[in-house]
1. How high is the relative contact order of the chain, in percent, with contacts defined as C-alpha pairs under 8 Å that are six or more residues apart?
2. List the cysteines in the chain whose Cβ has no other cysteine Cβ under 4.7 Å from it.
3. Given charges of +1 on the Cβ of Lys and Arg and -1 on the Cβ of Asp and Glu, with all other atoms neutral, how large is the dipole of the chain about its Cα centre, in debye to the nearest 20?
4. Spin-label point model (7 Å from Cα, Cβ direction): what's the Asp33 to Glu237 distance in nm?
5. Report the dimensions of the range 212-258 along its three principal axes from the alpha-carbon atoms, largest first, rounded to Å.
6. For the range 1-91, give the percent of accessible area contributed by carbon and sulfur heavy atoms, probe 1.4 Å, rounded to a whole number.
7. Roughly how many percent of the accessible protein surface of the range 130-189 is carbon and sulfur, given a 1.4 Å probe and a whole-percent answer?
8. Where does the Debye-calculated log10 I(q)/I(0) of the range 1-129 sit at q = 0.09, 0.19, 0.20, 0.21 Å⁻¹, using only Cα point scatterers of equal weight, no solvent?
Amino acid sequence: MRMLVVDAFTDRPFAGNPAGVCLLDGGTGAEPDPAWMQRVAAEMKHSETAFVRPVDEPGADFELRWFTPLVEVALCGHATMAAAHALYDTGTVPAGRPIRFRTLKSGVLTVTRDGDGLAMDFPACPPEPAEAPEGLAEALGAEVRWTGRNAQNDLIAELADEDAVRGLAPDMAALGRVDARGVIVTARRAEGAGGPHDFVSRFFGARILLGDGEDPVTGSAHCALAPFWAERLGRCELTGYQASERGGYVRTALRGDRVVLSGTAVTVLDGTLRV
């Protein structure tokens, strides 16, 4: 079957967030074994690998599932963008047609062409104020101004400024003891900072990711960041910059209880999975 690697939320290779995309065959009885998908994701070693399978349903065109090297996840933005980009890039879906993905826990997600990029319609997942877990500031190595938690069990921590976010070198072992899918750190854009962004963020998933535990660009985190910053900045359309080593921009547009995440993607590998 066809297997691609796509860099999402970037317009150039080796930036943004890479995701594996496995294009499965459709048809009756073609549903793959989740244990097999987990082994493929572990082999790929990207933060997420997406598995896409055609379905014949009135409300959806494809089934979409996401696996980290360790677990299946309920929602993944960059791997959804990578999956849609792969379907358009390979000619599987005509450029002018929206793609409707059926997911296990996040409903139907629709992706459309947006100029040179892609726009994804996701559920908003705003954080509610919550007490900071004991040891969070020490694990991050920074003063935390505000903390909240959302339905994805992400912990959101607002820091004092953009430099604090960019300069973090957290204790990942200590962060792994925090009860959360991941820890999102964020701050408002610094005065005079270059780039088109309104806020910055980083995402640490010590419990679900291999290596240093930092996800380069996290679409699902922006389902929380979009409503968080829309309320504080008084605008529904914003641009976030995820300040990881690879880095990437995510355009957000809050639409009630939905958020549209937009960006571009690049195919860096196109091959055949032989097992």
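1. 22
2. Those would be Cys22, Cys76, Cys236, since no other cysteine Cβ in the chain comes under 4.7 Å of theirs.
3. That gives the chain a dipole magnitude of about 440 debye.
4. Label at Asp33, label at Glu237, 4.9 nm between them.
5. Principal extents (largest minus smallest coordinate, Cα): 34, 16, 15 Å.
6. 51
7. Working: 1240 of 2830 Å².
Within the range 130-189, the accessible surface is 44 percent carbon and sulfur.
8. Relative scattering, expressed as log10 I(q)/I(0), comes to -0.23, -1.09, -1.21, -1.34.
The values are calculated or read from the model by the stated rules, or taken from the named source; none is laboratory data. Bear in mind that the values here come from a model prediction, so they are computed numbers and not experimental data. In this analysis, Cβ positions are derived from the backbone assuming ideal geometry, glycine residues included, and neighbour counts consider all displayed protein chains. Accessible surface areas use protein heavy atoms only, side chains included; no ligands, DNA or RNA. Shrake-Rupley method; radii C 1.70, N 1.55, O 1.52, S 1.80 Å.
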